[in-house]
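Here the structure is laid out as structure tokens; the discussion comes afterwards.
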Amino acid sequence: MTERTVEILEDSDRFVFPWQLAIPNTYPAGVVGSKFLIELRDNKKIKGIKCPECNQVYVPPRSTCKYCFGELSELVDVSDKGTLVTYAVSYEPTPVQPVEGTPVIYGIVKLDGADTGFVHMLGEVDPKQLEIGMRVKAVFKTKKKRVASILDIKYFKPLKI
Amino acid sequence: MANEPAQEYIQVTYKKPRPYRWAAGEYLSRLYRECRDNKRLMTVKCQHCNEHVWPPSKVCGRCKKPSGDNWVVVSDKGSVVQFTYTNFPMFDPHVGKYMTEEHPFATIDLDDCEIYWVAKLEEKDKDKLKPGMRVQAVWREEGRGGGLDHDILYFRTIEE
């Protein structure tokens, strides 16, 4: 059996248990989700999926249109540049944040050519300089570090015009 | 289509630790201290309904009144009421890892008190497990102080 750690409160001799509840999880990305992640890894390209009926482009791609419930298969390229729709700055570190260190800036970016917002992080920017509507650009990891994960995109950085 | 290479499918894995702390409180800590220092089970008898409160708690689970200060020693022998056989080690949320050994879990009716407690059994052969079998707690000799289900390794079958 694994050994436990326990804290004993001073003066009262009471037990406090630091628990470590790990939740390892694996899920399949699916047909179009896999293609999206493979494109990120191999070609540094962000793919969307188009519904020809509703003329909507979803990023990240999904297999069913949310309006007409039609099956989607037409992958299209979208730009790695986009417009910041909204953001949130998190100064409090949590064990579930996707990257180390704080602050973590989460943002929703509407990429050029897409009709949906894409949730990711923002970097190389002072939180005070953030502005809704600002232009941002995806920064990818180096080829060796890309592993077909959504974090193959490091973050979005402001695009200097 | 037939010559097209099979698509690669991606598995998204993540491992998110959820660390947190919980305090055992006054009554449970007393039980844990007795386990650690004296290798015995103690609990409180409710001052109102005169029944054993298990696990020891400031409020009696039966009558919902303050259970008082009448601490008594409880036998670490008992009879198996029911059991569950497991083929894999259980998860220990204290450390975020799986236990190294699998053990059957059983509800044990401790002697001379109305305490039913779910604990591990030493006997792994499921053909030898049966309701009503007599068991006794096996205490950890070294490194006690990790709580009740840590200090008691498992319950061992005894002949009586």
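The values are calculated or read from the model by the stated rules, or taken from the named source; none is laboratory data. Note that this is a predicted model, so its numbers are computed, not measured. Don't worry about glycine lacking a Cβ; one is built from the backbone with ideal geometry, like all the others, and counts go over all protein chains shown. Side chains included, ligands, DNA and RNA excluded: accessible areas come from the protein's heavy atoms. Shrake-Rupley method; radii C 1.70, N 1.55, O 1.52, S 1.80 Å.
Miscellaneous remarks
- Which numbered condition A:Ala88 misses (of (1) open to solvent by less than 30 Å² (accessible area, probe 1.4 Å); (2) in a strand (DSSP E or B)): (1)
- Any hit, the stretch B:58-67, residues being in the same structural domain as B:Arg33 (by TED's automatic domain parsing) and not in a loop (DSSP other than H, G, I, E, B): yes
- Residue match in the stretch B:128-141 (condition: open to solvent by less than 50 Å² (accessible area, probe 1.4 Å) and either closer than 30 Å to B:Lys16 by Cβ or hydroxyl-bearing (Ser, Thr, Tyr) (or both)): no
- Tallying residues that are open to solvent by less than 60 Å² (accessible area, probe 1.4 Å), touching a Gly at 6+ places or on another chain (Cβ under 9 Å) and not aliphatic (A, V, I, L, M) within the stretch A:118-136 yields 2.
- Inspection of the stretch B:28-43 identifies at least one residue that is at the interface with chain A (Cβ under 7 Å from one of its Cβ atoms) and among the charged types (D, E, K, R).
- Being open to solvent by less than 50 Å² (accessible area, probe 1.4 Å) and within 14 Å of another protein chain (Cβ to nearest Cβ) is not true of B:Trp71.
- Cβ-Cβ under 8 Å pairs, at least 6 apart or on other chains, the stretch B:144-160 side in the same structural domain as B:Met133 (by TED's automatic domain parsing), far side open to solvent by less than 60 Å² (accessible area, probe 1.4 Å) and of a type in the set (Ser, Thr, Tyr): B:Gly145/B:Tyr32; B:Gly147/B:Tyr32; B:Leu148/B:Tyr32; B:Asp151/B:Tyr32
- First in the stretch A:136-153 and more than 10 Å from chain B (Cβ to nearest Cβ), second anywhere and part of a helix (DSSP H, G or I), Cβ under 6 Å, 6 or more apart: A:Lys141/A:Asp152; A:Arg146/A:Arg41; A:Arg146/A:Asp152; A:Asp152/A:Leu40; A:Asp152/A:Arg41
- Output for the stretch A:91-122, where each listed residue is β-branched (Val, Ile, Thr) and either in a strand (DSSP E or B) or farther than 25 Å from A:Tyr67 by Cβ (or both): A:Thr94, A:Val96, A:Val99, A:Thr102, A:Val104, A:Ile105, A:Ile108, A:Val109, A:Val119
- Residues (of a type in the set (Asp, Glu) and either within 15 Å of A:Val104 (Cβ to Cβ) or open to solvent by 80 Å² or more (accessible area, probe 1.4 Å) (or both)) located in the stretch A:66-85: A:Glu71, A:Glu74, A:Asp77
- Odd one out for A:Asp13 among (1) closer than 30 Å to B:Met99 by Cα; (2) at the interface with chain B (Cβ under 9 Å from one of its Cβ atoms); (3) in contact with a Phe, Trp or Tyr (Cβ under 9 Å, 6 or more places away or on another chain): (3)
- Cβ-Cβ under 9 Å pairs, at least 6 apart or on other chains, the stretch A:17-30 side more than 7 Å from every other protein chain (Cβ to nearest Cβ), far side crowded, with 16+ Cβ neighbours inside 10 Å: A:Gly30/A:Arg62; A:Gly30/B:Ile10
- Scanning the stretch B:89-118 for residues that are within 14 Å of another protein chain (Cβ to nearest Cβ) and of a type in the set (A, V, I, L, M, F, W, C) yields B:Met90, B:Phe91, B:Val95, B:Met99.
- Breaking point among (1) in contact with a helix residue (DSSP H, G or I) (Cβ under 8 Å, 6 or more places away or on another chain); (2) at positive phi, for A:Pro61: (2)
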